Amino acid sequence: MKASCPSAGSGDVLIRVEHLAKCFGETVVLKDVNAEIKRGEVISIIGPSGTGKSTFLRCLNLLERPSGGHIWVDGRDVLDPRNDPNALRRKMGMVFQNFNLFEHMTVLDNLTIGPVKLLRKTRGEAETRARGLLALVGLAARENAFPDELSGGQQQRVAIARCLSMDPEIILFDEPTSALDPTMVSEVLGVIRRLAADGMTMAIVTHEMRFARDVSRRVFYMDEGVIYEEGPPAGIFDAPKREKTRAFIFRIRNFQYHIADEKYDLYDLKAGIEAFCGRHFFPAAAVADLLLVVEETLQLCFREGDAAARAGLVSGAGGLDLTVGYSEQENETTLLFTAGEVLKTILNETAESDGLSRALIAGMTRSLREDIRGGKVVLTAVMREPGS
Ligand code: ADP
Ligand code: MG
């Protein structure tokens, strides 16, 4: 059967995918993917891990051979053996999680090798363009550096510049920030935002939901081997229609820490909370408030030796579990302290003797509630937004 592309010639559709399927042996990863990407569009692709997001991107640029279906790029059927796969692949740049730079070459050489060898540019032309691109990604001063002399965020910006050096018509990003230290995420997202503003066509697999929301025109939620739900960001993030999309969008991310007894490592705990906050872009003031509430509450819990023992906060008595829960959708941070039965009493008993800790906690939280669950006392503190 001959495939015909309904949108060929319509001009603004850059990629069209119909009934795309991909299996690895017995494992069916993509069942029936149908999608269209128009020139100038930014598409975010979200979904739980293992749902075939990377496989989808890899099929688009022929790093994987699809098991079925059709892909047209610029109206050309990429699976037709008469079309040169290398020429089609060159229209699509790809940026990976782990940068994939040429480690033994300088930054400048990373950016010129492709244009010289594959686009037949002169060395001079390639260097001029490379310098322009390095300036665009904020790395004009680092052209002679080797990749291992750069931070992860800088390496990823070089990878983006290298991708641009091949003049792609679309860039496919596969979780471009997930291998980065949290402090470096925003410099890379900043570059991608800039490209979006310049009208670059992009498909971005990402876990950065706020970024996906403001940078993309459409969002694909992938699950069950298909694009399970798609729509503009406001629809997908505020009013997802289907069950799995809702579960994914409204999930709450947790950080958990077990405190065995009074000899817990406060610095380790704080570092864990800071890393969690970094991954979810908490403003510095919110992180400081959160750390203070945790520290003050633990102070209160552990201060009274006898009461602490009754709450199970001394060696061998079960300890205390701390959970920091963050709902991106509600923009709400909740702290749960779970311990033995008198955690509640501790907080009440100390009310008189330690008014300052209590006042600090009350000032930084929107609500503070105690419940009994499964024989344990759970103290729930919902953080107030700093400055509110
Ligand atoms: P995602 O990017 O959404 O996390 P992937 O596309 O990486 O998902 O993987 C989807 C599924 O396909 C996973 O179950 C994975 O184990 C499987 N898979 C991916 N690549 C291969 C491969 N080359 N060989 C076998 N299985 C693979
Ligand atoms: Mg992946």
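Values as computed for the structure displayed
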item	result
Charge context of Arg157, other residues only, Cβ under 13 angstrom, K/R +1, D/E -1	+2
In region 66-152, trypsin sites (Lys or Arg not before Pro) in a DSSP loop with at most 14 other beta-carbon atoms within 10 Å	Arg82, Arg120
Value of relative contact order over the chain, rounded to a whole percent, pairs C-alpha under 8 Å and six or more apart	14 percent
Pairwise centroid distance, computed over Cα atoms, of region 85-137 with region 321-342, Å	47 Å
Size descriptor, Kirkwood hydrodynamic radius, that averages inverse alpha-carbon separations across the chain, Å	23.9 Å
Separation between Cα centres of region 160-226 and region 29-68, rounded to whole Å	14 Å
Mean accessible surface per residue for region 240-339, computed with a 1.4 Å probe while every protein chain stays in place, in Å²	48 Å²
Carbon/sulfur fraction of accessible area - the chain, other protein chains in place, 1.4 Å, %	50 percent
Relative packing of 29-39, 153-163, which averages over residues the other C-beta atoms within 10 Å, highest first	153-163, 29-39
Accessible area in the full protein assembly, largest first, 1.4 Å probe, for Ser327, Ser54	Ser54, Ser327
³J(HN,Hα), Karplus 6.51/-1.76/1.60, whole Hz, each residue of region 93-106, x for Gly, Pro	x, 10, 10, 9, 4, 9, 6, 6, 7, 7, 5, 8, 10, 5
5 angstrom amide H check on Met94, placed H, neighbours 5+ away	Leu172
Cα-based reach from Lys263 at 15 Å (exclusive), listing aspartates and glutamates while leaving out same-chain residues under 8 positions away	Glu295, Glu304, Asp321
Considering only the chain, percent of DSSP beta bridges that pair antiparallel, nearest 5	75 percent
Probe 1.4 Å - accessible area at His104, Å² to nearest ten	140 Å²
Distance violations [Cα-Cα > 30 Å] among Lys244/Lys376; Lys241/Lys270; Lys22/Lys91; Lys241/Lys376	Lys244/Lys376; Lys241/Lys270; Lys241/Lys376
Rounded accessible area per residue of region 126-226, 1.4 Å, Å²	36 Å²
FRET E, pair Glu274, Asn331, Förster distance 25 Å, beta-carbon r, rounded to 0.05	0.85
Summed side-chain charge close to Leu134 - residues other than Leu134 whose Cβ falls under 11 Å, Lys, Arg +1, Asp, Glu -1	+3
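The values are calculated or read from the model by the stated rules, or taken from the named source; none is laboratory data. Bear in mind that the values here come from a model prediction, so they are computed numbers and not experimental data. Don't worry about glycine lacking a Cβ; one is built from the backbone with ideal geometry, like all the others, and counts go over all protein chains shown. Please note that ligands, DNA and RNA were not included when accessible areas were found on the heavy atoms of the full protein model with its side chains. Shrake-Rupley method; radii C 1.70, N 1.55, O 1.52, S 1.80 Å.
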